[in-house]
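The values are calculated or read from the model by the stated rules, or taken from the named source; none is laboratory data. In this text the structure is predicted, and so the values were computed from the model without any measurement. Glycine also receives a Cβ, built like all others from the backbone with ideal geometry; neighbour counts cover every protein chain displayed. Please note that ligands, DNA and RNA were not included when accessible areas were found on the heavy atoms of the full protein model with its side chains. Shrake-Rupley method; radii C 1.70, N 1.55, O 1.52, S 1.80 Å.
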Amino acid sequence: MRDLLKKVKKSGFLIFIAALGSASPLFYSCASKPEKEPEIQEEPGASSIPLNRDGRQLSFFWGISDEALSDIEKGSPSSIRHGLSLIRKSDIDYRENEKVLIFTALNIMQLVWPSEKTDFELPALSSDTPYSGAIRSVKYGLYDTSTGKSDYLLTILPALVIARTDDVSIFFNDAKEDLSVCLKKYPDSALANYLAGLLYRKNSEFEKALPFFTAAQKVASDNFECSYALAENLWRQGKFRESFSISQNLLEKNPRNISVLNLNAQNAFRLKNYSVAEECIAKILQNNPNDLEALLFRIRILVEKKDYIHAASLLDVYSRQDSTSRDYLLLRARVQYDWSKNTNAAIATVESALRMYPDDQELQLFAARLANVSKTRVSGKSSEDIANDVLMHDPANDIALQYAVEGLVQKGEWKKAYEQSSLIVSRPNADSESIFLHIKICLAIGKNDEAWNLISPMYKAQSSDEQVVQTYIIVLQETGRSSQALNLINQLLPESASKMKSFLYYRRSLIKSREEEVLSDLRSSLIANPRNSDALFKLYEIYYKKKDYRKAQYYLKQVVALNPNDTKMRSLNDELMLKLSAQ
């Protein structure tokens, strides 16, 4: 054929070219009209690629249907399969450019869509091309900038490396520019959108990655990689419900996939669906019992479920492999505090952890919590000090701000506490605990109207919530609505559980004026809950005022036992001891 073409060139008889058109598929596929068919010229490095009459070289993939080429360029698994089906031949050999296109398409599938299968075999190429060179660079982990980018595939092929490496910083700008060009041609390309999403995600720009992953998944909704990438990116953005919807669907189709099991467990955990989270993690551990990360996650789930017995047992198992892990130490401290009620042990564990991880925010916040409840210093700092350390690096951290406010309340710095607490409750996502504390502060500085305006709508919406009811009764009493409080207390007493009964009797004792009625209610409060510090302290005050120091000491000692780190209670007890010794 080549000798024949040379004869055509030398003879100059264009009519001979037209005559060959009916017999030669080579020429017939180039154009539909004879006068537009390419004139074949020998050019270095392009001996088999035709040129137009103006001397410009045609596409490397000349002669291949536009539909097949477009399908492969768009790059979704289904479009690649369809494009390959249009190229498929059964009784004649493939031309070299067809082999190159098949080679390129199959490598896109292997490198980007490894979960997908095709029935094509990878062809052997007779010579190197920019396409095979770009793919070879990708396999070496390199972004090939020497392809020339003369067509769509040579522009997008270097970007396949995004799917092969975690560090995209070296070629980020090149890839961003090339993928932008590709998306202008095919805005709905699953391949270009997926690679752009990966580029931004691996650069920790999750917001920018989201629209690309969404577009890719819309086109290739049945593809594992597109769906997983979208679900994982949503999880990183904190959109756990949306991510969970996708990860659950993925799990149904891929029940043994470790990545899917882990992602689904993470989503379920964030949504407080601990049973699903534990089930997924258990499957991971069945597959690999030595997966320490999964073991720690299971312990974390058990702690959240308050299954402390199993959590403590697994912590012992984990400690045989690693006793210095940050997560292990934090979980150990939580079990010591929440289950064993051993605050001193929990503080010792957290202090040990902070020596190794001094800037860890979660450890700092748990340390602030322990300092707050124990009214002691942790690592030499008060809860307020620790919270302020966190706020220096993360001013919007509501948990740290809450601990800072609680520290100020303990110190009796009410006005300063009010300023910071106001910031918390002004936010639309302020939780109930923050509002309750702010109400307490408002009452302490005489802002009764503000306290009432906060609790009233809460009580109307959540009149069955015990803490809401208790706060509502307190505000009723503190704002001069004692008769309303008394009516509500009497209404609730008969059906209340023991702790609630204890609270109600105590609050009623504050309304009563006759001493025998007050004492009767306080004793009833302690019968319902012997550990009610408020009732014990009120009895101490009554007997201290009557100068019955022995009885006063009896009740104050119990208050001190329940609050061993409360310096104010200990000081009162010391004072009382002096009075008794002077008698």
Those trypsin sites (Lys or Arg not before Pro) from the range 482-531 that are DSSP loop and have at most 14 other Cβ neighbours within 10 Å turn out to be Arg514, Arg531
Dividing the convex hull volume of the Cα atoms of the range 492-533 by its residue count, what figure in Å³ per residue is obtained?
59 Å³
Specify which residue in the list Ile281, Asn397, Gln470 is farthest towards the positive end of the charge dipole of the chain, using unit charges on the beta carbon of Lys, Arg (+1) and Asp, Glu (-1), about the Cα centre.
Gln470
Expected sort for 209-222, 552-565 on mean C-beta neighbours within 10 Å, highest first, is 209-222, 552-565
Would you list, by chain and number, the lysines whose Cα falls below 30 Å from the Cα of Lys381, excluding same-chain residues fewer than 8 positions away?
Lys306, Lys341, Lys411, Lys415, Lys416, Lys440, Lys557, Lys568
Of the convex hull drawn through the C-alpha atoms of the range 213-344, the volume per residue in Å³ is 107 Å³
As a test of the definition: which semi-axes, in Å, follow for the range 302-441 when you take the square root of five times each eigenvalue of its alpha carbon gyration tensor? Largest first, please.
29, 16, 14
Computed over all unlike Cα pairs, the Kirkwood hydrodynamic radius of the range 460-577 in Å stands at 15.0 Å
Extension gain, Glu362 back to Asp431 (0.36 nm per residue minus Cα-Cα distance, nm)
23.0 nm
Segments 569-582, 447-460 sorted - mean Cβ within 10 Å per residue, highest first
447-460, 569-582
Would you calculate the separation in nanometres between label points at Arg550 and Gln491, each defined as 7 Å from the Cα along the Cα-to-beta-carbon direction?
4.5 nm
Mean accessible area per residue over the range 125-267 (1.4 angstrom probe, all protein chains present, square angstrom) is 46 Å²
Give, in nm to one decimal, the length gained when the segment between Ser483 and Ser146 is fully stretched (0.36 nm per residue of separation minus the Cα-Cα distance).
112.7 nm
Can you find, among Leu250, Ala535, Phe436, the residue sitting farthest towards the positive end of the charge dipole of the chain, where Lys and Arg contribute +1 and Asp and Glu -1 at Cβ?
Ala535
Once the in-chain neighbours fewer than 8 apart are removed, the lysines whose Cα is under 30 Å from Lys176 read Lys74, Lys99, Lys117, Lys139, Lys149, Lys184, Lys185, Lys202, Lys208, Lys218, Lys239
Cβ charges +1 (Lys, Arg) and -1 (Asp, Glu), total dipole of the chain, debye:
1960 debye
Would you mind computing Rg(Cα) / (2.2 N^0.38 Å) for the chain, counting N as its residues?
1.50
Inter-label distance, nm, simple model (7 Å from Cα along the C-beta direction), Gln321/Leu292
0.7 nm
